[in-house]
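Single-structure report; data block below.
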Amino acid sequence: MFTGTIIYALINSVILTLIAIGFNLTFGISGVANFAYGAFYILSAYSTWIMMHSFHLPYFVSVMISIILTMALGALMYQLVLKRVRGQAISEVIATFGIGLAILELFRYLGFVGFEYNLPPFIDSSYMILGTYVDMQRILIVVLGVIIVVLLWLFTHNTSLGLAFRGIAQDERTALTFGIDSDKIATLAVALGAGFAAIAASIIIPLGSIFPSEGYDVLIKALAVCIIGGLGSTGGVIVASFLIGFAERFTDSYIGSHWTMIVSLAAILIVLVVKPSGLFGKQKELEERI
């Protein structure tokens, strides 16, 4: 049981990383806290389901189209709404949360509720790992999580666009003097964050079903990880994901599943009291921002 708990705690930690990394990327670069993040996660899942069942497109093609559409919606949200209120934190939160609320409740109003709304696993099989059965979908989650983190690091350190992202994240005013378009970079950051939410949904949703309420849970988990790790810190997101992931799994195994959400909320409270900026919340240091 202990070995199984460790294995599933590791998987849970990678899931939390995938859920939070897009929210963290958007905030770290643009400074925008996208509270429509959970709605984008659910929107991409429903988009995939609709394209598969209404337009009869192949699964992989449906996933790719939903990711592109979600990114486009993120860019559109910035251009039409966030561009006008950027820098006003309260207005950003209200605007993005309102958009997210409208998306999620629209799906509920249209009747997209029920266990029939689900996505199939990419590979329907399981393997024995150290005496514990683990399905291939969860193995793919771990593999994809590692690949995304590595590719994100390579992108931000070895491409001109990635370096522009880091420049805006480090010092926006200085970056502007070098001809970097702040609004263009912020638009791309919000779009990429929405894209990461869609990628996470495509690989995580097959473990269960699609429900509008899951959007709120995803937003809470993303906030918990980012607040504990430090908003804008990718390293902090990874560390916080593992701390929360292991804490939740051990709580579920040895205390009770109904205590898992309390673990995350208690961790947020403790961190805010002890270190309000988060464990790695050194936002002015370049490597901590991206």
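The values are calculated or read from the model by the stated rules, or taken from the named source; none is laboratory data. Everything numeric here is computed off the predicted structure, so don't read it as measured data. Ideal geometry is used to build each Cβ from the backbone, glycine not excepted, and the neighbour counts take in all protein chains shown. These area figures cover heavy atoms from the full protein model, side chains too; ligands, DNA and RNA do not enter into them. Shrake-Rupley method; radii C 1.70, N 1.55, O 1.52, S 1.80 Å.
Observations, loosely collected:
- When region 8-39 is filtered for residues that are modelled with pLDDT under 90 and hydroxyl-bearing (Ser, Thr, Tyr), only SER30 remains.
- Of all the listed residues (ILE94, ILE90, ILE65), the sole one being within 20 Å of ALA198 (Cα to Cα), surrounded by fewer than 24 Cβ atoms within 10 Å (Cβ to Cβ) and β-branched (Val, Ile, Thr) is ILE65.
- Residue within region 31-38 that is in a helix (DSSP H, G or I), of a type in the set (Val, Ile, Thr), in contact (Cβ under 8 Å) with a residue 60 or more places away in the chain and open to solvent by less than 10 Å² (accessible area, probe 1.4 Å) present: no
- The set of residues in region 107-152 being among the aromatic types (Phe, Trp, Tyr) and either free of Cβ contacts under 8 Å to residues at least 40 places away in the same chain or touching a Gly at 6+ places or on another chain (Cβ under 8 Å) (or both) consists of TYR109, TYR127, TYR133.
- For region 113-124, the tally of residues that are at negative phi and open to solvent by less than 40 Å² (accessible area, probe 1.4 Å) stands at 2.
- For the criterion of being surrounded by fewer than 18 Cβ atoms within 10 Å (Cβ to Cβ), farther than 23 Å from VAL150 by Cα and free of Cβ contacts under 8 Å to residues at least 40 places away in the same chain, SER257 passes.
- Residues that are of a type in the set (S, T, N, Q) and either open to solvent by less than 10 Å² (accessible area, probe 1.4 Å) or touching a Ser or Thr at 6+ places or on another chain (Cβ under 6 Å) (or both) within region 7-29 comprise SER13, THR17, ASN24, THR26, listed in sequence order.
- Those helices (runs of 4 or more DSSP H) of region 133-216 in which at least 1 residues are of a type in the set (Ser, Thr, Tyr) and open to solvent by 50 Å² or more (accessible area, probe 1.4 Å), considering only elements entirely within it, cover 160-170, 172-177.
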